[in-house]
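Asker: Before anything else, here's the structure in question.
The values are calculated or read from the model by the stated rules, or taken from the named source; none is laboratory data. In this text the structure is predicted, and so the values were computed from the model without any measurement. When we count neighbours, we look across all protein chains shown, and the Cβ atoms used for this are built from the backbone with ideal geometry, even at glycine. All accessible areas refer to the heavy atoms of the entire protein, side chains included, with ligands and DNA or RNA removed. Shrake-Rupley method; radii C 1.70, N 1.55, O 1.52, S 1.80 Å.
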Protein chains: 2
Amino acid sequence: MHIAFQGEIGAFSEEAARTLFPEATVCPCATFEDVFEAVTVGRVDRGVIPIENAIFGSVPANYDLLRTYDLRIVGELRLRIRHHMMALPGATLSGIRRVISHPQALGQCQAFLRTHLPEATAAPVYDTAGAARMVAGEGDSETAAIASERAAVEYGLVVLAAGIETDQQNYTRFLVLAPPQAVPAPPPSLPEAPYLTSLVFAHRENVPGALFRSLAVFALRDLNLRKIESRPLVGSPGQYLFYLDLDGSTADVRVQRALQHLDELAAWIKVLGVYPEGPTVG
Amino acid sequence: MHIAFQGEIGAFSEEAARTLFPEATVCPCATFEDVFEAVTVGRVDRGVIPIENAIFGSVPANYDLLRTYDLRIVGELRLRIRHHMMALPGATLSGIRRVISHPQALGQCQAFLRTHLPEATAAPVYDTAGAARMVAGEGDSETAAIASERAAVEYGLVVLAAGIETDQQNYTRFLVLAPPQAVPAPPPSLPEAPYLTSLVFAHRENVPGALFRSLAVFALRDLNLRKIESRPLVGSPGQYLFYLDLDGSTADVRVQRALQHLDELAAWIKVLGVYPEGPTVG
């Protein structure tokens with residue numbers, strides 16, 4: 001198996017890919033679109049993308065790509081995002097003068113930096129794993145990176161401080177993508193093996209109660225919605241797309257009927273995937 | 001009038017603040033929370049914050065701050081985000097070797113950079129206005145910044161290329177914040193002067209159809225929802241907060257009754273503001 005992810009070796013997306021597929025070969029991609037492309041053309045078997053972070057919200061680019069590419073969601077994972085401060089072997093925390101990382105990671109560790117390294121300058125770079133690679137390459141033991149534990153291992157750095165993020169409830173939800181022909185028929189949801197169905201739809205027109213009537217197709221059949229995300233349709237002011245995560249599989253006749261009913265009301269619907277509920281890790 | 005915004009002079013939030021309050025004094029703040037704080041303690045009269053961008057999605061931090069601070073939304077603005085490449089007077093586009101900006105702005109202008117400056121390195125910094133300030137301060141005519149027109153004026157730079165963003169539909173919605181005692185009583189919505197009401201609520205429990213029943217209070221009264229945003233409640237997996245923008249003012253008896261009805265169903269509700277629909281600029 002080959003698994004594509006966005007970012008460098010040592011990125012949190014790589015950690016998600018390795019957790020989901022411990023035996024597979026991971027393939028770094030420069031952009032999210034490259035991940036979708038690699039799965040589409042068959043260069044890899046699966047793609048792993050972040051879709052929502054508990055603190056920073058959803059990843060709109062990936063919602064848009066899910067809509068425009070013809071792939072399917074076949075799995076999910078919630079991964080705890082733990083930040084570590086790392087530097088060259090021999091470096092000490094008190095000797096650090098400069099800390100580099102992605103701006104969100106620097107922000108997430110601000111309280112630690114203020115308390116332990118008030119004199120150090122914080123400098124933003126493109127991503128956490130790239131920061132670790134730069135520290136390893138520059139050979140300056142006064143510079144530290146904030147990145148994942150995996151990045152420290154990959155680039156031969158030592159962890160000076162572990163779990164330095166302020167908010168311990170920082171989880172990212174990742175999705176697994178497969179080409180449509182590789183998706184097995186889903187079993188009906190059982191209480192012991194819950195399934196989710198993800199879909200996106202647009203209303204025919206922006207009339208009062210349009211969303212209410214769309215959600216009625218699920219509520220009238222006692223189907224639970226996990227998540228609803230509205231995204232403005234670029235180029236059509238006031239028009240929105242709605243992304244739903246629903247408890248249940250399309251092998252369940254209630255889900256089938258709800259989707260038929262929604263089809264009567266919506267301008268269009270796309271089922272993005274039917275997949276087993278995934279674990280929370282870390 | 002004094003208006004707080006997050007960022008440096010030359011940031012897009014400053015442009016929004018100046019468009020909304022042309023006569024006012026603008027006050028830069030380091031963080032979004034500092035903006036909320038400045039309005040709360042009365043150090044400024046109003047705050048201006050970004051809440052949603054057409055490409056990069058909503059600003060989750062500001063949704064959370066709207067919920068936790070006791071301020072009110074009193075206005076809104078949609079501002080077109082136009083990126084310009086700027087450098088020291090005398091610099092030429094063909095002489096640029098290094099381009100600095102916020103990572104999102106660099107991403108937004110990637111097509112332009114690939115075509116016109118394939119040899120230049122792109123380097124991320126914290127924000128667009130800060131990039132312009134750095135170019136002005138460093139005195140290196142081979143470095144350019146990508147930032148707003150306002151930033152070029154502020155830091156005495158010349159615009160080498162205007163409107164270089166790939167997606168011309170890049171708008172950000174900004175909200176105006178005021179302390180609760182400064183909010184005038186809203187008039188009922190009239191077709192010629194539409195009002196919006198923004199609120200946030202949480203369900204008592206995560207039962208099937210809970211969101212459907214909540215939206216029924218608006219649909220049954222023919223009240224149109226502009227926007228729905230769900231945010232995970234940090235620390236309570238599976239629990240969501242719902243943010244709604246509703247056509248109509250709380251001076252309208254239908255809106256009053258819908259909110260009373262929602263109060264029967266929800267664990268809690270907070271009305272974030274009642275304000276006239278704002279313009280789209282740029």
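Asker: Out of curiosity, is residue A:170 within 14 Å of chain B (Cβ to nearest Cβ) and either within 25 Å of residue A:263 (Cα to Cα) or in contact with a Pro (Cβ under 8 Å, 6 or more places away or on another chain) (or both)?
Answerer: no
Asker: Quick one: residue A:32 ticks every box in (1) closer than 28 Å to residue A:232 by Cβ; (2) open to solvent by less than 10 Å² (accessible area, probe 1.4 Å) bar one, so which box is it?
Answerer: If we test residue A:32 against (1) closer than 28 Å to residue A:232 by Cβ; (2) open to solvent by less than 10 Å² (accessible area, probe 1.4 Å), just (2) comes out false.
Asker: Test each condition in (1) surrounded by fewer than 19 Cβ atoms within 10 Å (Cβ to Cβ); (2) modelled with pLDDT of 90 or more; (3) within 13 Å of another protein chain (Cβ to nearest Cβ) for residue A:239 and report the one that comes out false.
Answerer: Single failed check for residue A:239: (2).
Asker: Mind checking which residues of the range A:2-37 are in a loop (DSSP other than H, G, I, E, B) and either at pLDDT 95 or above or within 12 Å of residue A:177 (Cβ to Cβ) (or both)?
Answerer: Once the filter is applied, which keeps residues that are in a loop (DSSP other than H, G, I, E, B) and either at pLDDT 95 or above or within 12 Å of residue A:177 (Cβ to Cβ) (or both), the range A:2-37 yields A:21, A:22, A:23, A:24.
Asker: Could you grab me the full set of residues in the range A:108-136 that are out of contact with any helix residue (DSSP H, G or I) (no Cβ under 8 Å at 6 or more places or on another chain) and more than 19 Å from residue A:89 (Cα to Cα)?
Answerer: Residues satisfying the conditions are A:108, A:109, A:110, A:111, A:112, A:114, A:115, A:118, A:119, A:121, A:123, A:127.
Asker: Here's a check for you: in the range B:78-96, which residue that is aliphatic (A, V, I, L, M) and within 14 Å of chain A (Cβ to nearest Cβ) is nearest to residue B:202 (Cα to Cα)?
Answerer: B:79
Asker: Among (1) surrounded by fewer than 19 Cβ atoms within 10 Å (Cβ to Cβ); (2) in a strand (DSSP E or B); (3) within 22 Å of the chain's Cα centre (by Cα), there is one condition residue B:200 misses while meeting the rest; what is its number?
Answerer: Among (1) surrounded by fewer than 19 Cβ atoms within 10 Å (Cβ to Cβ); (2) in a strand (DSSP E or B); (3) within 22 Å of the chain's Cα centre (by Cα), the lone unmet condition for residue B:200 is (1).
Asker: Applying the selection to the range B:16-29, what residues are under 21 Å from residue B:108 (Cβ atoms) and either in contact with a His (Cβ under 9 Å, 6 or more places away or on another chain) or open to solvent by 50 Å² or more (accessible area, probe 1.4 Å) (or both)?
Answerer: Within the range B:16-29, B:19 is the sole residue that qualifies.
Asker: Which members of the range B:38-47 meet the condition of being touching a residue at least 24 places away in the same chain (Cβ under 8 Å) and not in a strand (DSSP E or B)?
Answerer: Within the range B:38-47, B:38, B:39, B:40, B:42, B:43, B:44, B:45 qualify.
Asker: What pairs come out if I take residues in the range B:199-219 that are at the interface with another protein chain (Cβ under 7 Å from one of its Cβ atoms) and pair them with residues that are basic (Lys, Arg) whose C-beta lies under 8 Å away, six or more apart or interchain?
Answerer: Listed pairs, sorted by first residue: B:219/A:213.
Asker: In this structure, is residue A:107 within 14 Å of chain B (Cβ to nearest Cβ) and modelled with pLDDT under 95?
Answerer: For residue A:107, the condition - within 14 Å of chain B (Cβ to nearest Cβ) and modelled with pLDDT under 95 - is met.
Asker: Evaluate the range B:190-213: report whether one residue or more is in contact with a helix residue (DSSP H, G or I) (Cβ under 8 Å, 6 or more places away or on another chain), at pLDDT below 90 and under 20 Å from residue B:278 (Cβ atoms).
Answerer: Looking for residues that are in contact with a helix residue (DSSP H, G or I) (Cβ under 8 Å, 6 or more places away or on another chain), at pLDDT below 90 and under 20 Å from residue B:278 (Cβ atoms), one finds none in the range B:190-213, hence no.
Asker: Across the range B:35-47, which residue is most open to solvent (accessible area, probe 1.4 Å) among those that are among the charged types (D, E, K, R) and more than 9 Å from residue B:3 (Cα to Cα)?
Answerer: B:43
Asker: While we're looking at this one, here's another question. Does the range B:146-161 hold any residues that are farther than 21 Å from residue B:107 by Cβ and part of a loop (DSSP other than H, G, I, E, B), and which are they?
Answerer: Selection gives B:155, B:156, B:157.
Asker: Taking the range A:30-66 on its own, how many of its residues are away from every other protein chain (no Cβ under 14 Å) and either basic (Lys, Arg) or within 15 Å of the chain's Cα centre (by Cα) (or both)?
Answerer: Number satisfying all stated conditions: 7.
Asker: Continuing with the same structure: From the residues in the range A:242-282 that are open to solvent by 40 Å² or more (accessible area, probe 1.4 Å), within 14 Å of another protein chain (Cβ to nearest Cβ) and of a type outside the set (Asp, Glu), which one is nearest to residue A:177 (Cα to Cα)?
Answerer: Only one residue tops the list, namely A:279.
Asker: Looking at the range A:174-189, which of the residues that are at pLDDT below 95 and not in a loop (DSSP other than H, G, I, E, B) is farthest from residue A:270 (Cα to Cα)?
Answerer: The extreme case among them is A:182.
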